[in-house]
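Visitor: I have a structure here, written as structure tokens, and I will follow up with some questions on it.
The values are calculated or read from the model by the stated rules, or taken from the named source; none is laboratory data. The structure displayed is predicted, hence computed values, not measured ones. In this analysis, Cβ positions are derived from the backbone assuming ideal geometry, glycine residues included, and neighbour counts consider all displayed protein chains.
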Amino acid sequence: MPRTSLKLENPLGMHARLAFSLAELCGKHNCKILVGNGDQWADGKDMAGLLGLALGPGDKVELSADGENAQEALDELLLFFNTRGKSL
């Protein structure tokens, strides 16, 4: 199961528009994607769960994927966080 982590660079943290876009992107993949912070984890396809993580600016975000094309999904999520995810 591939995993990676990053720093959330959005100045508003994990807000509704970012959570919606992230869940939509995760939904395009057949693998299971988890987003976490410390001991809290949420299904990447669940907007409410993502918001429940209460991620703030600068927080560490952990990503894991399991299943078909898991590494490709993580690569796409990293690209999302490093581009659109900074300014949504």
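Visitor: Looking only at segment 16-61, count every residue that is within 18 Å of residue 87 (Cα to Cα) and among the β-branched types (Val, Ile, Thr) and tell me the total.
Guide: The total comes to 1.
Visitor: When you go through 38, 67, 13 one by one, which is the residue that is on the phi > 0 side of the Ramachandran plot and either among the aliphatic types (A, V, I, L, M) or touching a Pro at 6+ places or on another chain (Cβ under 9 Å) (or both)?
Guide: 13
Visitor: Out of (1) buried (at least 17 other Cβ atoms within 10 Å of the Cβ); (2) among the aliphatic types (A, V, I, L, M); (3) within 10 Å of the chain's Cα centre (by Cα), what's the single condition that is false for residue 70?
Guide: It is condition (3) that residue 70 fails.
Visitor: Scan segment 1-11 for residues that are modelled with pLDDT of 95 or more, surrounded by fewer than 19 Cβ atoms within 10 Å (Cβ to Cβ) and of a type in the set (A, V, I, L, M) and jot them down.
Guide: Hit for segment 1-11 is 6, nothing else.
Visitor: Also, I was wondering about something else. Go through segment 12-64 and report how many residues are charged (D, E, K, R), surrounded by 13 or more Cβ atoms within 10 Å (Cβ to Cβ) and over 14 Å from residue 78 (Cα atoms).
Guide: Qualifying residue count for the region: 5.
Visitor: Do you know which residues across segment 8-56 are among the aliphatic types (A, V, I, L, M), touching an Asp or Glu at 6+ places or on another chain (Cβ under 9 Å) and touching a residue at least 40 places away in the same chain (Cβ under 8 Å)?
Guide: Once the filter is applied, which keeps residues that are among the aliphatic types (A, V, I, L, M), touching an Asp or Glu at 6+ places or on another chain (Cβ under 9 Å) and touching a residue at least 40 places away in the same chain (Cβ under 8 Å), segment 8-56 yields 8, 14, 25, 33.
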